[in-house]
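Structure first, commentary second.
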Amino acid sequence: MFAIILGTRPEIIKMSPLIRSCEKQGIDYFVLHTGQHYSYEMDRVFFEDLRLPAPRYNLDVGSGSHAVQTGAIMAGVEKILAEEKPEVVLVQGDTNTVLAGTLAASKCYVRGPQKLPVEVGHVEAGLRSFDRTMPEEINRIIADHVADYCFAPTEVAKKNLLHEGIDEKKIVVTGNTIVDAVRQNVVLSNESGNTLKNLGLSEKGYFLVTLHRQENVDDKTRLEGIFSALARLHAATGIPMVFPVHPRTEKMIKSFGLDLKGISLIPPQGFLDFLQLESNARMALTDSGGVQEETCILGVPCVTIRDSTERPETVAVGANIVAGVSPENIIKAAGTMLEKQDSWENPFGDGNAGDKILHSICSEI
Ligand code: UD1
Ligand code: UDP
């Protein structure tokens, strides 16, 4: 039996192809939601949009400092694994849910009659920004080194793992499950939704903005600088700018008392509405990992408002520029990306990553 552990918006989206495959193939599994994300628009809306069954468990850990959140997830996961005794736990990405799920599972001795530790499969293994000031980088490194299966989305990710001495036998290059999720939903999102119309936007007639990284939004000077660049870009181009705001960012905008010019703030969107916004955008400006991938897959130019990326494949194919956070560099990068044609290759696989991952584990256990 598998346990699929997830807790945040991107994990629900990127685990959805695996959950669908388990359902389709009659594989014995259950979903354990940690409750790291819990607001309707960060959590339940994705189960509805992606038509996923409700999780068997929800730890409801909610928000907290890194240690409080990680500790609460570990304690909750340990208890459930002890009861359910799965053979393999699957985690995805680089959140505190991944760190805590991996650590708890790998020390839970309940597998089989010999009471071996539960095996851990890390989906989206091997990504590296090489910036250890990001909490996500710490989480990725630990998860990869503890995991029994590292499902690397690309050869670049595999190389990172080999470079850190991880046994090649543990690594399988599968593509990224985000390709599966985009392909399974993009047509539906454009056929069924009215998001553009409701927001008064036209195809390729607006910029899409997302920001939520701790290092960007919890720092007043940095956040102010980013918003000033976006305001200048809007003033220079006259192109509308739409920004579905992550709750963390909304909280910080309020607490810093920032006054945003030229940017339309809207609530976080469900996956189908967001995909419609993303696939029709003239360009995205973002610090999200998933948005860098999705824009690359959808042929939408991207400017990454960060000092580094763990998705260098997007830059290599010409879909993305890592601009840093200075207003001048953001504006310059936006100018360059506005000239780009959407003629690059998708480096993240053929949309069958979910099936490849399940096949790979099922042939081992
Ligand atoms: C987390 C992940 C980040 C991932 C992001 C996806 C970690 C360390 N960070 O960041 O890697 O990119 O999720 O979106 O795991 N909040 C709500 N409602 C919610 C969830 C959060 O209001 O449903 C607010 C709370 O004020 C909370 C803040 O957002 O304190 C931050 O939430 P948290 O889960 O700690 O980190 P994220 O910024 O969401
Ligand atoms: N997303 C969404 N609605 C939004 C913003 C993002 O559905 O309003 C989706 C997006 O399509 C992508 C994922 O959320 O699949 C990215 O999540 P996020 O940016 O929060 O986290 P990251 O990928 O940086 O970890």
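The values are calculated or read from the model by the stated rules, or taken from the named source; none is laboratory data. Nothing here was measured: the structure is a model prediction, and the numbers come from that model. Quick reminder, even Gly has a Cβ in these numbers, built from the backbone with ideal geometry, and neighbours come from all protein chains shown. With ligands, DNA and RNA removed, areas are computed over all heavy atoms of the protein, side chains included. Shrake-Rupley method; radii C 1.70, N 1.55, O 1.52, S 1.80 Å.
Worth a mention:
- Listed by first and then second residue, the pairs with beta-carbon distance under 7 Å, at least 6 apart or on different chains, first residue in the range 1-22 and within 16 Å of ligand 1 (Cβ to nearest atom), second outside any helix (DSSP H, G or I) and of a type in the set (Lys, Arg), form an empty list.
- Unmet criterion (only one of (1) modelled with pLDDT under 95; (2) open to solvent by less than 40 Å² (accessible area, probe 1.4 Å)) for Leu188: (2)
- Number of residues in the range 38-66 that are of a type outside the set (D, E, K, R), within 16 Å of Ser16 (Cα to Cα) and either exposed (fewer than 15 other Cβ atoms within 10 Å of the Cβ) or near ligand 1 (Cβ under 8 Å from one of its atoms) (or both): the value is 3.
- Per the conditions (1) open to solvent by less than 60 Å² (accessible area, probe 1.4 Å); (2) in a helix (DSSP H, G or I), the sole criterion not satisfied by His359 is (1).
- Members of the range 129-152 found to be more than 15 Å from ligand 1 (Cβ to nearest atom) and open to solvent by less than 10 Å² (accessible area, probe 1.4 Å), listed by number: Asp144, Ala147, Cys150, Phe151, Ala152
- Filter result (in contact with a strand residue (DSSP E or B) (Cβ under 7 Å, 6 or more places away or on another chain) and more than 13 Å from Pro268 (Cβ to Cβ)) within the range 4-26: Ile4, Ile5, Leu6, Gly7, Glu11, Lys14, Met15, Leu18, Ile19, Cys22
- Scan of the range 323-356 for residues that are open to solvent by 50 Å² or more (accessible area, probe 1.4 Å) and touching a Ser or Thr at 6+ places or on another chain (Cβ under 9 Å), ordered by number: Asn352, Asp355, Lys356
- Residue among Gly165, Gly126, Gly121 that alone is surrounded by fewer than 22 Cβ atoms within 10 Å (Cβ to Cβ) and not in a helix (DSSP H, G or I): Gly165
- Inter-residue pairs, beta-carbon under 7 Å, first more than 7 Å from ligand 2 (Cβ to nearest atom) and in the range 287-299, second assigned to a helix (DSSP H, G or I) and open to solvent by 10 Å² or more (accessible area, probe 1.4 Å), 6+ apart: Leu298/Ser279
- Test: Gln92 is within 12 Å of ligand 1 (Cβ to nearest atom), touching a helix residue (DSSP H, G or I) at 6+ places or on another chain (Cβ under 6 Å), within 30 Å of Ser363 (Cβ to Cβ) and not basic (Lys, Arg): yes
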